[in-house]
Amino acid sequence: MAVSYHAADRSELGREQTVGSLLRWAAEQAPDIRALVEGTGEDDARAWTYAELLADAERGARALLGRFAPGERVAVWANNIPEWIVLEMAAALAGITLVTVNPALRPGEVRHVLEQSRAAGVFLLPEYRGNPMAESLASLRADLPELRETVLFTDWQAFLRSGSGTQPLPVVAPGDPAQIQFTSGTTGRPKGAVLHHNGIVNNAQLSYRRLLDVQPGDVCVSGMPLFHTAGCVLVTLSMIGGLGTQVLLPRFDPGLQLRLIEAERSFLFGGVPTMLHAMLDHPSLAATDLSSVRVGLSGGATVSPQLVDRVEATIGAPLLNIYAQTEASPGITMTTTDDSAENRRNTVGRPLPGIEVKIVDPKEGRTPTPAGVVGELCTRGYHVMTGYFDEPDQTAKAIDADGWLHTGDLAAMDDKGYLRIEGRLTEMIIRGGENIYPGEIEHVLQGHPDVADVAIVGVPDPAWGEQVAAFVILAPSATADEQELADFVRRNLAPYKTPRTWRFVGEFPLTGSGKVQKFALRDQLVSERSLT
Ligand code: AMP
């Protein structure tokens, strides 16, 4: 009987590359094609050709090397501004590892990222959407002895000027670390996945560039966040490799994305499922000219067959689905325009070239299951992260002795290699494509004096995929109410992690071994809803 194993097809694996060599190649091939456009929709929106992007990146690299040594880590804490991408390229050319930080993070979360990555510098905005980032960082400086330099993006031009000169840039090897992306993996505490140049460059080429068939001058309007691999790896590096133009939204906004797709004639209609729903439900959709769109794209969370149907009917083209995980640089499988409608609706496609995938018995973690039988999805190849930064024990839990990355996702593979994602070994919640780990929120709430115990679960939500719900056992004589606890979480964690549903209970349903039966709590909420 066939087993759930897919061998790597190495025939299309490109040569080993770095982010810098990819950009230099693009600037040589197509100096005058627009590489990057600020997607504000304003008349004064800025743009960079490939020649200009390389020139700024080289100045940025020299400016970085005036402050940092190759191999050091520098964090970027901002929304999708074009300077973010210039800095990504500059760091790559300078051999400096970029640590990407979500602009929604609060001080305690940022401290963990900067401390854990031992960042020597941070580039940041003074403030973003009410998050006083410069103020937060100032309050953390005393706790971060390794942090030497902070540069505000408002001083970016002066920073670039400090890099004029002609001194040679260092040699960067394809296996050198390019980025550290923080992800909680299978446990609650965020860990820094170290991704090397060759992994991210080739992953973007073998997934988006190849399967979306990016051609020189193609325009891609994207609202994917740059702090995640979906933005700064898959979109950015595939567009550079295809000599396309990236129109970068400052943040996802369905109305703006639709307006820019029409105005810039984007070939792509893409986003995590929550973003696609928001665009499909937007009042301006009906009047938007989508005639330039030749393909749709989603992933990052479960893409329902209904969503595939709705997008395909709207754009008149196939919707592709990528299954990705940060630790895998990030693409693992993807559907293609040649796949049957059945496979586009119900699977995440087959493994990308150069990548091995197997589904193993989750209990012993090694033996492939028979085809069609659910188990844990494991993957091996050029794309697997180097490890979690400075966390050898966590790395050893994620990557086994034979080099297989254990994703924590439950999946089934059919005898043709198509995969269906069936759930997660962990209790991770995915809200609008953002992963949320119950343990992190539980930990914060357990620090509130009125909370005796707490269990966080995800509940299905039509718009967000899942939402966060909190079950709380209050301490005797507690006075805190829902509002106070929600404010407490909000002060400590990024807003998207704040529970939307609260239940105050006297006890939790427990398993025989005393663990909270989270599925029972989740079922309780689902059945409450179906009664209303
Ligand atoms: P991240 O590391 O933030 O990219 O999150 C990765 C996780 O998102 C995976 O381990 C899956 O649980 C989930 N995921 C990503 N892509 C898909 C997809 N196409 N379908 C279902 N789940 C997905």
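Do you know which of the residues in segment 372-384 that are within 15 Å of the ligand (Cβ to nearest atom) and not in a strand (DSSP E or B) is surrounded by the fewest Cβ atoms within 10 Å (Cβ to Cβ)?
Top of the filtered list is V374.
Yes/no matrix, rows are residues, columns are (1) on the phi < 0 side of the Ramachandran plot; (2) out of contact with any Gly (no Cβ under 7 Å at 6 or more places or on another chain); (3) modelled with pLDDT of 90 or more:
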site	(1), (2), (3)
I436	yes, yes, no
P460	yes, yes, yes
L474	yes, yes, yes
V489	yes, yes, yes
N492	yes, no, yes
G506	yes, yes, yes
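Show me the strands (runs of 3 or more DSSP E) found entirely inside segment 268-333 where at least 2 residues are among the aliphatic types (A, V, I, L, M) and within 16 Å of the ligand (Cβ to nearest atom).
So the answer is 295-299, 319-324.
Tell me which residues, restricted to segment 35-68, are assigned to a loop (DSSP other than H, G, I, E, B), surrounded by fewer than 24 Cβ atoms within 10 Å (Cβ to Cβ) and either of a type in the set (S, T, Y) or touching a residue at least 24 places away in the same chain (Cβ under 8 Å) (or both). Can you show your working first?
The initial filter retains those residues of segment 35-68 that are assigned to a loop (DSSP other than H, G, I, E, B), namely 39-46, 66-68.
So of that shortlist, the ones also surrounded by fewer than 24 Cβ atoms within 10 Å (Cβ to Cβ) come out as 40-46, 66-68.
Those that are assigned to a loop (DSSP other than H, G, I, E, B), surrounded by fewer than 24 Cβ atoms within 10 Å (Cβ to Cβ) and either of a type in the set (S, T, Y) or touching a residue at least 24 places away in the same chain (Cβ under 8 Å) (or both): T40, G41, R46, G66, R67, F68.
Residues are listed down the side, and each one gets a yes or a no for (1) surrounded by 17 or more Cβ atoms within 10 Å (Cβ to Cβ); (2) not hydroxyl-bearing (S, T, Y):
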residue: A455; (1), (2): yes, yes
residue: S477; (1), (2): no, no
residue: A480; (1), (2): yes, yes
residue: E484; (1), (2): no, yes
residue: P495; (1), (2): no, yes
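Against the definition (over 28 Å from the mean Cα position of the chain (by Cα), farther than 30 Å from H6 by Cβ and buried (at least 20 other Cβ atoms within 10 Å of the Cβ)), how does V451 come out, yes or no?
yes
Taking Q257, is it assigned to a helix (DSSP H, G or I) and either in the same structural domain as L54 (by TED's automatic domain parsing) or of a type in the set (S, T, N, Q) (or both)?
When the stated conditions are applied, Q257 passes them.
Quick one: in segment 108-129, which of the residues that are in contact with a Lys or Arg (Cβ under 7 Å, 6 or more places away or on another chain) and touching a residue at least 60 places away in the same chain (Cβ under 8 Å) is surrounded by the most Cβ atoms within 10 Å (Cβ to Cβ)?
Initial filter on segment 108-129 (in contact with a Lys or Arg (Cβ under 7 Å, 6 or more places away or on another chain)): 117-121.
Adding the requirement that they be touching a residue at least 60 places away in the same chain (Cβ under 8 Å) leaves 117-118.
Numbers: S117: 22, R118: 17.
Per the criteria, the residue is S117.
Restricting attention to segment 385-434, and to residues there that are within 11 Å of the ligand (Cβ to nearest atom) and part of a loop (DSSP other than H, G, I, E, B), which single residue is surrounded by the fewest Cβ atoms within 10 Å (Cβ to Cβ)? Talk me through it step by step, then tell me what you get.
Residues of segment 385-434 within 11 Å of the ligand (Cβ to nearest atom): 385, 405-411, 419-426, 428-430, 433-434.
Then drop every residue that is not part of a loop (DSSP other than H, G, I, E, B), which leaves 385, 425-426, 428, 433.
Working: M385: 28, L425: 15, T426: 17, M428: 19, G433: 21.
Ranking the candidates gives L425 first.
Scan segment 133-153 for residues that are of a type in the set (D, E) and over 20 Å from A494 (Cα atoms) and jot them down.
Matches in segment 133-153: D143, E146, E149.
Picking from S298, S284, which residue would you name as being among the hydroxyl-bearing types (S, T, Y), under 17 Å from L234 (Cα atoms) and at pLDDT 95 or above?
That would be S298, the only listed residue that is among the hydroxyl-bearing types (S, T, Y), under 17 Å from L234 (Cα atoms) and at pLDDT 95 or above.
Kindly indicate the residue of segment 221-250 that is polar (S, T, N, Q) and out of contact with any Pro (no Cβ under 9 Å at 6 or more places or on another chain) and also farthest from G41 (Cα to Cα) among those meeting that condition.
Ranking the candidates gives S238 first.
Which of the following residues is surrounded by 13 or more Cβ atoms within 10 Å (Cβ to Cβ) and at negative phi: P132, P145, P168? Give the steps one after another, and end with the answer.
Details: P145 fails: surrounded by 13 or more Cβ atoms within 10 Å (Cβ to Cβ); P168 fails: surrounded by 13 or more Cβ atoms within 10 Å (Cβ to Cβ).
After applying the criteria, what remains is P132.
Check E16 against each of (1) in contact with a helix residue (DSSP H, G or I) (Cβ under 9 Å, 6 or more places away or on another chain); (2) under 30 Å from K497 (Cα atoms); (3) part of a loop (DSSP other than H, G, I, E, B) and name the one condition it does not meet.
(2)
Are there any pairs, at least 6 apart or on different chains, whose C-beta atoms fall under 8 Å, with the first in segment 279-292 and without any contact (Cβ under 8 Å) to a residue 60 or more places away in the chain and the second exposed (fewer than 13 other Cβ atoms within 10 Å of the Cβ), and if so, which?
Pairs found: L290/G316.
The values are calculated or read from the model by the stated rules, or taken from the named source; none is laboratory data. Remember, predicted model here, so these are calculated numbers, not experimental data. With ideal geometry, Cβ positions are generated from the backbone for all residues, glycine too; neighbour counts draw on all protein chains shown.
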